[in-house]
1. Full extension from residue 126 to residue 92: what is 0.36 nm times the residue separation minus their Cα-Cα distance, to one decimal in nm?
2. Quick one: which residues, 5 or more positions from residue 86 or on another chain, have an amide H under 5 Å from its amide H? H modelled 1.01 Å from N in the peptide plane, none for Pro or chain starts.
3. What number results when the radius of gyration of the range 29-136, computed over Cα atoms, is divided by 2.2 N^0.38 Å?
4. Taking amide H positions as placed 1.01 Å from N in the peptide plane, with prolines and chain starts having none, which residues 5 or more places from residue 128, or on another chain, fall under 5 Å of its amide H?
5. Let me spell out the model: positive unit charges on the Cβ of Lys and Arg, negative unit charges on the Cβ of Asp and Glu, origin at the Cα centre of the range 29-136. What dipole size does that give, in debye rounded to 20?
Amino acid sequence: MNTTRFGCARSRCANGTRGRQARAGGFTLLETLVALAIVAISLASVTKLVYQLAGDTSAVFDKTMALLVAENQLTRLQLGLGTPDASGEQTLLNVAWRYRVEREDTPDPRVEKVTVVVSLASGPDDRLASLTTYLGKAVRRTGR
């Protein structure tokens, strides 16, 4: 038989009552305060996490849009619609973006490295995205 430290069986003592005085149903004030403290700390942590995720989502959105601007400018250069050393601004989804085209020679004189660097036009010149490709240089034919 399983007994408690008072020598009574777990289910009932010899006098027919439970091991300890049975209390009325419900929670004590202390239990309620502890539960409220746990809930308050949990809600504060969840709120902080939501704000952090919202900020991360905004940063990912900005980088994605900056990559689209860089792709647009590289496509314009590939189609011959852009100026060789172009820098300027483009509006995408009602946001102004600043881009800069950087060109470098490669060991092959027929190919050049082209990088488009994009940042927000309204902020500092922080690089949000850069995209690089290699383009063939125009070959001039003489004679014939």
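Bear in mind these aren't lab numbers, they're just calculated from the coordinates by the rules spelled out. This structure is a prediction, so every number in the text was calculated from the model and none was measured. Every residue, glycine among them, receives a Cβ derived from its backbone with ideal geometry; neighbour counts consider all protein chains shown.
1. Stretched out fully, the residue 126 to residue 92 stretch lengthens by 10.5 nm.
2. The list, which skips near neighbours in sequence, is 101.
3. 1.75
4. 118, 119, 120
5. The calculated dipole for the range 29-136 is roughly 120 debye.
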